[in-house]
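Please treat every number below as a calculation from the coordinates, not as lab data. What you see is a predicted model; the values in this text were computed from it and never measured. All Cβ positions, glycine included, derive from the backbone under ideal geometry; neighbour counts span all protein chains shown.
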Amino acid sequence: MSNQTLESIGQDYDTQFGFHDPENYVFKSGRGLTRETVEAMSAMKKEPAWMLEFRLKALEIYHQKPMPRWGDSKMLDSIDFDNIHYYVRPSEREEKNWDDVPQDIRNTFDKLGIPEAERKFLAGVTAQYESEVVYHSISKDLEAQGVRFLSMDDGLRQFPEIVRQYLGTIIPPHDNKFAALNSAVWSGGSFVYVPKNTHVNIPLQAYFRINTENMGQFERTLIIADEGSSVHYVEGCTAPTYSSDSLHSAVVELIALAGAKIRYTTIQNWSKNVYNLVTKRAVAYRNARVEWVDGNLGSKLTMKYPAVYLMEPGAHGEILSIAFSGDDQHQDAGAKIVHAAPNTTSVVTSKSISKGTGRSSYRGLVRVEKGATGVKSSVVCDALLLNPESRTDTYPTMEIHDSTANIGHEASVSKVSDEQLYYLRSRGLSESQAMMMIINGFIEPFTRELPLEYAVELNRLIQLEMEGSVG
Amino acid sequence: MSWTQIAQTTELVEGQIIAKPLPSGKIIALTRVQGRCFAFDDECTHEEVSLSVGWINGTSIECPAHGARFDLCSGKALCLPATRDLAVYAVKEEEGSVYVDLGAE
Amino acid sequence: MMTTPWTQLDAKTIRDWSSARGEPAWLVDQRATAWNAAAHTPVPPRTAEAWKYTNLEKIAAWNQLPMAASAETTPAATTDNAQVICTDLAGALREHPQLVLHYLSGENSARDFSAITGQPYGGARYLRQHDALWDRGLFIFVPRNVQVTTPIHAKTVAPRTAGAIFPRTIIVLESGASLTYIDELRSHENSATDFSCHAHCEIFVQDNAHIHYSQVQHWSSTAIHLGHQRITLARDARATVTNISLGGRTVKQITEVVHTAPGAESHLFGLNFGDAQQQIDHHTLQTHIAPNTTSNLLYKSALKDHARSIYTGLIHLSPVAQQCGAYQSNRNLLLSDDCSATAIPQLEIEANDVKCSHGATMGPVDADQLYYLTTRGLSKSQAEQMIVAGFFEDLITQLPAESLQEMVRAAVVHKLTGVLS
């Protein structure tokens, strides 16, 4: 257990994470979303005509589509879309070296501990700041292997055919209102291509940050793992505290070709003024494997349901998710698996903790198409409610159209067991130490899958969240 | 082959989609693209939304609910979230009427 | 009235029909008001989870049948206990008007059913239609501390001429009372092919009273069935509710148990076996709005041929429902290549000192079990029969009459093998 003084997240956040730099950006779009904003953005990025067309069509779709009526309608209805800057570009060119990055931006990332992590753990970093990738570094080894880890803008410039082939085929702009929004104004995000039979041994990482008041963050990520390859991509983000609301609406598309493996790990810790509405989906082909490891700690409202479509025999999908909801937060997370081929398997593990007036929801789908024989799927959801006002919901759906499938789903809800607490206290632990130990045990299936740095950061963050919850 | 009369030639306007219910309750959608007629199940294979309010892009039909696309000639699902192909039917026009081949219906 | 599809009736015709039945003025008015309200209530939207998979509006047999002729007052049921009121609803209206008024109208009647947060239940239109058109029914009133030892067994037979029936059952148990009630719904070999039933059953269980309720539905394979059941439990009240669904082409059965005071406890059991083209859709609501209450649900279904089963079950604990336990288990056995099962178990938990869990499984007969039995000399079909019988046995034994248990066991065998035993 840490000996440092624990402060509640609301008090400490401002100094630790809640700072923001004075705004001196080269370009900042006006508030609200217009056709002109999209055209200006595309022109500034010097995009091909087909990309502008893609954006403009998505903009039309965005305006037509209604807000989803399921989920936390009250919170969704309170987002003021007209009061958001949709594109800000902090500097003119992308840098490859930390030393070349503008000082104030480097300070921001220094405070967040990125250079340290870079030295110790990272193969390559693209640092998302506002809407543009500022810093980009990729190790020589990866380049020699043929691995491409670029900003999405660079990916579009250097590999337009690949981007055009895959972008929007996993998540079409029509999929939902926020996918349409992202398709219209996406900026930043990562493009990753791993060639056949290449194994990337060190996690690829990117950090995100929202700074300008009412800044929308619309990164678009596309990861293609060619046959027989494997890659682990990690994202973790924080944002400063503001009084008005920020919107984060990302789209992540993953393609795992035959025999490939992709693991995508996220620790989301947006400050509590952020709406985090994300569409993440993967396709897995023959004998391929996709794992989503999803940690949701921050934001006012997160709606995110990582999905895996198992398209060919032998494919496997796994989703491991934790959600922590404190006062006034709603983590609305889940998992979707579609078995569209025989002998495919899936495992979903969801752990949630609700504290104070927090609400954690699980929404899931397991669907087995007719003809997808020999499927095995298992879903386990556990929810811990710490206080009387805490709330949890579970809404799983299983649609099974093949009679050879073996499907299991279990969910449970409880509070921290009095017996467990008593036992640990009788061993000399304080109540807060006992609580932390029980909670760490509860989320252990998740934390053991994280790179060490993240596991440590996660423990620290949960400790901050838990402070004030006991006694 | 079992040809069923389903519409009048004059009802099929270039680029527009019409929906025709069959006595069995199933609904067939029809469209004309570059002069040629296409017929397919009106229900998207993803979530059973009507395709007759969708869009024609070249020779594919796009469902307005979540963006699933299908090839009009073969019915093949071209992108997610559709994972199952769409049923398509042979069409012929004779003497002002449009016929679809519903096979063993 | 007798030839117009019931969906196309109007308030005036309904008034005339009600008056002709000799019903009191308040009921005539109530029916007309309900019909007008239904006309202004939309059909279940696609977004209503409870109705997503079963769309009655698309079924001709639901929309085009006239009301069935009320030849006899069904369901016929009697009791040998003189303290108990047990009569057809029309008779009860004449003999105990104040009592029936209390339970048939106003706040005591189920205005709507629960649903997940932010969504309407979706079936309000059907409830209003039933308020207007119920044409037969049963009223049972068990006074304080009366224990009815012999089960009351109601039998409803599908009529011989095509039509829709709207049975309404009201059961009231005063404090300390207890009753076992069986609602048997059957088709006869002379029953009409075109037939639908919209049944509505409300049970009020007061302090420390106990109801053992079973519905065994065995309509013919062409019937359309919509059933609503709502059981309200007071302090220390207990209910065991069993639903057996064997017949019908399209079946939608909604069951809600509301635990309104501490000590309330319920056990819900459901069995369905679909074959041919059946679609059997069960929707359950375990609603806890008081502390120290318990509910425990077990629903099992077996499917063969092209049958389809849907199970949606919500457990809802309100913020005051501390120290509650709520459990739900749904098991689906898939016996053919073309059957399919959908399960949507849901939890909405707003109190924290609770224990809740749910589980659902779907799959074919366990291959190891099958292998074991065939190596013991059983044919594959005999082995399957034994496994399915074993699968359902714990539910069948919940039925309070040996004859009923045997009837269900025989029906299961018949569905598996085509053999009548």
Please name whichever of B:Ala39, C:Asn145, C:Trp62 sits farthest to the positive end of the charge dipole of the protein assembly as shown, dipole taken about the Cα centre and charges placed at Cβ: Lys and Arg +1, Asp and Glu -1. C:Trp62
Karplus-derived 3J(HN,Hα), 6.51/-1.76/1.60, for each residue of the stretch A:370-377, Hz, glycine and proline x: 4, x, 7, 7, x, 7, 10, 9
What's the Cα-based Rg to Rh of the protein assembly as shown, Rh via Kirkwood? 1.00
At a Förster distance of 22 Å, what's the computed FRET efficiency of B:Ile27 paired with A:Arg69, Cβ-Cβ distance as r, to 0.05? 0.30
Which residue, C:Asp337, C:Asp368, C:Asp394, has the most motion in a Gaussian network model of chain C that connects Cα atoms within less than 10 Å? C:Asp368
Within 10 Å of each Cβ in B:62-69, how many Cβ atoms from other chains are there, averaged over the peptide? 5
Among C:252-259, A:33-40, how do they line up by average Cβ neighbours within 10 Å per residue, starting with the highest? C:252-259, A:33-40
If each residue of separation counts as 0.36 nm, what is the full-extension length gain between C:Thr149 and C:Glu402 once their alpha-carbon separation is subtracted? 89.5 nm
If you plug each phi of the stretch B:28-37 into the Karplus form 6.51 cos²θ - 1.76 cosθ + 1.60 with θ = phi - 60°, what whole-Hz ³J(HN,Hα) values come out, in order, with x for Gly and Pro? 10, 9, 10, 8, 10, 10, 6, x, 8, 9
Relative contact order, percent, the stretch C:226-270 [alpha-carbon distance under 8 Å, six or more residues apart]: 58 percent
Charge dipole magnitude, Cβ of K and R +1, D and E -1 - the protein assembly as shown, Cα centre, debye nearest 20: 1080 debye
Using the basic label-point model (7 angstrom from Cα toward the beta carbon), what is the C:Asp366 to A:Leu429 distance in nanometres? 3.6 nm
Tally the DSSP beta bridges in chain C and give the antiparallel ones as a percent, rounded to 5. 5 percent
Relative contact order (%) - the stretch C:365-421, alpha-carbon pairs under 8 angstrom, separation at least six: 25 percent
Can you tell me, using C-alpha contacts under 8 Å and at least 6 residues apart, the relative contact order of chain C as a whole percent? 9 percent
Computed E for A:Asp327/C:Gln98 - FRET, C-beta separation, R0 41 angstrom, nearest 0.05: 0.20
Using mean Cβ contacts within 10 Å as the protection proxy, how do C:79-92, B:80-93 order, highest first? B:80-93, C:79-92
J(HN,Hα) series, the stretch C:253-270, from Karplus relation 6.51 cos²θ - 1.76 cosθ + 1.60, nearest Hz, glycine and proline x: 10, 10, 10, 10, 10, 10, 9, 9, 8, x, x, 5, 9, 9, 10, 10, 10, x
Using the Kyte-Doolittle scale, which helices in chain C average at least -1.0 and also have C-alpha atoms spread 20 Å or more along the helix axis, with helices defined as whole DSSP H runs? C:25-39, C:380-396, C:402-417
Tell me what chain C gives for mean residue ellipticity at 222 nm when only DSSP H runs of n ≥ 4 count, each as -39,500 (n - 2.57), the sum divided by the residue total, rounded to 500 deg cm²/dmol. -6500 deg cm²/dmol
When DSSP beta bridges are limited to those with both residues in the protein assembly as shown, what percentage is antiparallel, rounded to the nearest 5? 20 percent
When you count, for each residue, the other Cβ atoms within 10 Å and take the mean per peptide, how do A:273-284, C:184-195 rank with the highest first? A:273-284, C:184-195
Global form of the stretch C:6-363, assessed from the alpha-carbon gyration tensor, a/c cut-off 1.5: rounded
Counting only other chains, what is the mean number of Cβ atoms within 10 angstrom of the Cβ of each residue in peptide B:25-37? 0
Taking a virtual spin label 7 Å from the Cα of A:Arg35 along the C-beta vector, which residues in the stretch A:57-72 bring their backbone nitrogen under 19 Å of it? A:57-65
Hey, got the average number of other protein chain Cβ atoms within 10 angstrom for residues in C:361-373? 3
